[in-house]
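The values are calculated or read from the model by the stated rules, or taken from the named source; none is laboratory data. Small disclaimer: the values here were computed from a predicted structure and weren't measured. Virtual Cβ from ideal backbone geometry, glycine too; neighbours counted across all protein chains shown.
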Amino acid sequence: MTITDQDDRLRVLRERAREWAEQLRPHAFELERDPDTVYRHLDLPAVDYVGKMLIPPRMQPNPMRIGDYEYYGTTAVERVVAAEEIASGDAGMFLASPGASLSGVLVGMLGDEAQQQWYFGRVRERPTWTFFALTEPARGSDAMALSTTLRKASDGSLTLHGEKRYVGNATRAQLGTVFARTGPGPLGVVAVLVETDAPGYQAEPLDTIGLRGAQISAIRFDGVPVDPGRVLGAHLPASARGMWSALRTFNLLRPGVAAIALGIARAAIEYARSNGERGRHREELDRLGHRVHTTRQLILRAAHEVDRDPRNGYLASAAKAQAAQLAEEATLQSLRMLGPGARFEHPWLDKLARDARGVEFMEGTRNVQRLNVCHALTKGRFDDD
């Protein structure tokens with residue numbers, strides 16, 4: 001089975017996003033040095049597109065328009081096409097851009113009408129950064145090992161207590177979603193909406209070698225008040241919220257992370273072709289280019305699958321693992337091709353290599369994704385084609 005994005009609507013988006021990517025590169029190192037410079041670049045089309053992504057069409061009167069088409073970024077297939085191209089320009093700027101991101105998927109899944117109107121209205125009104133807080137210190141990839149709690153006082157008021165780690169954009173965000181415990185077990189987990197100007201909210205950036213624009217952060221919640229109306233999924237059964245919703249959110253966004261990795265890999269290969277000795281590494285670069293093509297096919301197929309059924313994230317895991325590995329190998333091999341001093345002589349390629357390493361840790365490492373794939377294989381959930 002071959003999946004392509006060559007219906008006219010997606011072809012137009014890919015061509016335009018490739019142009020947007022060229023506009024990002026001149027600002028990439030500035031953003032690395034000072035992540036706050038993202039505020040100077042809100043008029044860039046790529047940043048504007050990311051800011052409008054994931055807002056439901058019924059709540060978005062001003063989507064991205066290209067020619068005869070409107071783009072809302074509400075399907076995984078559309079997102080992977082745009083993400084690959086934009087990330088080839090600068091993955092850091094892509095991740096630093098305002099918008100609904102992971103928390104928007106969660107709100108769209110769990111939020112009642114009032115919550116969705118409030119959240120997406122905020123994101124639509126002006127450039128708004130959001131965060132999605134699940135991972136905790138010293139917990140690794142064990143998402144169930146939550147110690148952050150949502151406590152209920154005798155008067156019915158709610159407060160949030162605990163810490164989160166490795167949260168993108170948490171220092172610049174205005175609002176986001178936080179997973180916390182109300183009781184033991186998988187049914188004792190809820191997600192809540194939090195505004196960052198609430199008392200008790202503290203966020204600080206973590207030092208990273210790559211993807212610095214995203215301002216990966218640590219958050220502390222010291223009794224942050226939570227309005228009962230900001231608890232997501234209260235109108236749903238307990239089995240349809242909590243960790244169940246986190247897994248579906250990751251499934252829906254995982255192909256996009258794979259596409260970011262693919263964009264980094266492709267950028268490195270194109271750079272090596274343009275800057276290396278003509279013909280010397282042609283065969284090696286051709287092999288890498290073929291892997292870009294086959295990985296894109298896998299990513300597109302995974303995106304189609306989660307659009308069809310968000311529970312089926314196994315192909316997305318395979319795509320993320322394959323794309324992350326390709327990004328690391330393509331950047332490191334390109335550096336090797338350009339000689340022992342390549343990291344100093346070719347700072348753009350050095351940045352791509354550092355960013356590729358950062359994508360490995362986004363949304364679960366390769367080992368986590370391989371466990372997901374293994375589970376699917378043992379359950380017979382992969383078809384033969």
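I need the full set of residues from region 83-103 which are of a type in the set (A, V, I, L, M, F, W, C) and either in a loop (DSSP other than H, G, I, E, B) or within 23 Å of Glu270 (Cβ to Cβ) (or both), in order please. It would help to see each step written out before you state the result.
First, pick out the residues of region 83-103 that are of a type in the set (A, V, I, L, M, F, W, C): 83, 86-87, 91, 93-96, 100, 102.
Once the filter is applied, which keeps residues that are of a type in the set (A, V, I, L, M, F, W, C) and either in a loop (DSSP other than H, G, I, E, B) or within 23 Å of Glu270 (Cβ to Cβ) (or both), region 83-103 yields Ala83, Ile86, Ala87, Ala91, Met93, Phe94, Leu95, Ala96, Ala100.
Suppose we filter Arg65, Arg58 for residues that are closer than 21 Å to Glu22 by Cα and free of Cβ contacts under 8 Å to residues at least 24 places away in the same chain; which single one remains?
Unique residue meeting the criteria: Arg65.
Give me the pairs, please: first residue somewhere in region 340-362 and within 29 Å of Arg165 (Cβ to Cβ) and without any contact (Cβ under 8 Å) to a residue 24 or more places away in the chain, second residue anywhere and of a type in the set (A, V, I, L, M, F, W, C) and surrounded by fewer than 16 Cβ atoms within 10 Å (Cβ to Cβ), beta-carbon distance under 8 Å, and either six or more positions apart or on two chains.
Correct list of pairs: Asp350/Phe344.
Within region 104-142, which residues are within 17 Å of the chain's Cα centre (by Cα) and small (Gly, Ala, Ser)?
Once the filter is applied, which keeps residues that are within 17 Å of the chain's Cα centre (by Cα) and small (Gly, Ala, Ser), region 104-142 yields Gly104, Gly108, Ala133, Ser141.
Among the residues that make up region 270-280, is at least one of them surrounded by 15 or more Cβ atoms within 10 Å (Cβ to Cβ) and in contact with a Ser or Thr (Cβ under 7 Å, 6 or more places away or on another chain)?
Of the residues in region 270-280, the ones surrounded by 15 or more Cβ atoms within 10 Å (Cβ to Cβ) are 270-273, 275-276.
Narrowing further to those that are in contact with a Ser or Thr (Cβ under 7 Å, 6 or more places away or on another chain): 271-272.
Yes.
Considering only residues of region 236-260 that are modelled with pLDDT of 90 or more and more than 14 Å from Ser103 (Cα to Cα), which is surrounded by the most Cβ atoms within 10 Å (Cβ to Cβ)?
Going through the qualifying residues, I end up with Ala258.
Just one of Thr177, Thr171 is touching a Pro at 6+ places or on another chain (Cβ under 6 Å), under 23 Å from Ala218 (Cβ atoms) and in contact (Cβ under 8 Å) with a residue 12 or more places away in the chain; which is it? Talk me through it step by step, then tell me what you get.
Numbers: Thr177 fails: touching a Pro at 6+ places or on another chain (Cβ under 6 Å).
Sole residue among the options that is touching a Pro at 6+ places or on another chain (Cβ under 6 Å), under 23 Å from Ala218 (Cβ atoms) and in contact (Cβ under 8 Å) with a residue 12 or more places away in the chain: Thr171.
May I ask you to verify whether Leu13 is modelled with pLDDT under 95, in contact with a strand residue (DSSP E or B) (Cβ under 7 Å, 6 or more places away or on another chain) and buried (at least 17 other Cβ atoms within 10 Å of the Cβ)? Let's see the steps before the verdict.
Working: modelled with pLDDT under 95: no; in contact with a strand residue (DSSP E or B) (Cβ under 7 Å, 6 or more places away or on another chain): yes; buried (at least 17 other Cβ atoms within 10 Å of the Cβ): yes.
No.
With (1) among the hydrophobic types (A, V, I, L, M, F, W, C); (2) buried (at least 16 other Cβ atoms within 10 Å of the Cβ); (3) assigned to a loop (DSSP other than H, G, I, E, B) as the list, and Ile209 as the residue in question, which single condition is left unmet?
Evaluating Ile209 over (1) among the hydrophobic types (A, V, I, L, M, F, W, C); (2) buried (at least 16 other Cβ atoms within 10 Å of the Cβ); (3) assigned to a loop (DSSP other than H, G, I, E, B) leaves (2) as the failure.
Among the candidates Val194, Val190, which residue alone is outside the structural domain of Val257 (by TED's automatic domain parsing), crowded, with 21+ Cβ neighbours inside 10 Å, touching a helix residue (DSSP H, G or I) at 6+ places or on another chain (Cβ under 8 Å) and of a type outside the set (S, T, N, Q)? Explain how you work it out, then say what you get.
Numbers: Val190 fails: touching a helix residue (DSSP H, G or I) at 6+ places or on another chain (Cβ under 8 Å).
None of the others qualify; the one that does is Val194.
Residue under question is Pro199, and the condition is that it be touching a helix residue (DSSP H, G or I) at 6+ places or on another chain (Cβ under 6 Å) and surrounded by fewer than 17 Cβ atoms within 10 Å (Cβ to Cβ); does it hold?
Details: touching a helix residue (DSSP H, G or I) at 6+ places or on another chain (Cβ under 6 Å): no; surrounded by fewer than 17 Cβ atoms within 10 Å (Cβ to Cβ): yes.
No, not satisfied.
Restricting attention to region 198-243, and to residues there that are without any contact (Cβ under 8 Å) to a residue 40 or more places away in the chain and among the acidic types (Asp, Glu), which single residue is farthest from Gly108 (Cα to Cα)?
Among those that are without any contact (Cβ under 8 Å) to a residue 40 or more places away in the chain and among the acidic types (Asp, Glu), it is Asp207.
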